[in-house]
Ligand SMILES: [Zn+2]
């Protein structure tokens with residue numbers, strides 16, 4: 001992994017991701033910024049562009065340049081578990097089942 005991927009690995013929670021079992025339904029072929037193929041990447045962020053209302057699919061390097069954050073409402077982090085199979089591993093939605101506990 002490169003430096004950007006290592007930084008994302010630190011905030012990823014594979015255990016929680018597997019519990020939630022939330023897979024990206026339509027993963028991108030390439031990064032919206034550098035056009036790098038996602039097939040070689042461990043992570044990508046589907047997230048908000050900093051100082052913008054737009055969202056983008058960003059490879060790890062581009063996320064740290066253009067992305068805002070990984071959290072609900074700002075960006076979701078996906079990890080490639082199998083070829084073109086991407087599991088959400090951070091930026092989870094709020095757990096509604098806790099609201100009525
Ligand atoms: Zn990129």
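Structural remarks
- Tally, over region 2-52, of residues that are within 16 Å of the ligand (Cβ to nearest atom) and at positive phi: 1
- Test: residue in region 47-58 that is touching a strand residue (DSSP E or B) at 6+ places or on another chain (Cβ under 7 Å), within 17 Å of residue 1 (Cα to Cα) and surrounded by 19 or more Cβ atoms within 10 Å (Cβ to Cβ): yes
- Residue in region 31-43 that is part of a loop (DSSP other than H, G, I, E, B), within 16 Å of residue 93 (Cβ to Cβ) and under 15 Å from the mean Cα position of the chain (by Cα) present: no
- Residue list for region 11-34, restricted to those being crowded, with 16+ Cβ neighbours inside 10 Å, in contact (Cβ under 8 Å) with a residue 40 or more places away in the chain and more than 16 Å from residue 72 (Cα to Cα): 27
- When region 53-65 is limited to residues that are in a helix (DSSP H, G or I) and closer than 29 Å to residue 95 by Cβ, the one that is farthest from the ligand (Cβ to nearest atom) turns out to be 64.
- Qualifying position, being modelled with pLDDT of 95 or more, under 17 Å from residue 2 (Cα atoms) and surrounded by fewer than 17 Cβ atoms within 10 Å (Cβ to Cβ), among 64, 43: 64
The values are calculated or read from the model by the stated rules, or taken from the named source; none is laboratory data. As the structure is a prediction and not an experimental result, all values here were calculated from the model. Because the Cβ atoms are built from the backbone with ideal geometry, glycine has one as well, and the counts that use them run over all protein chains shown.
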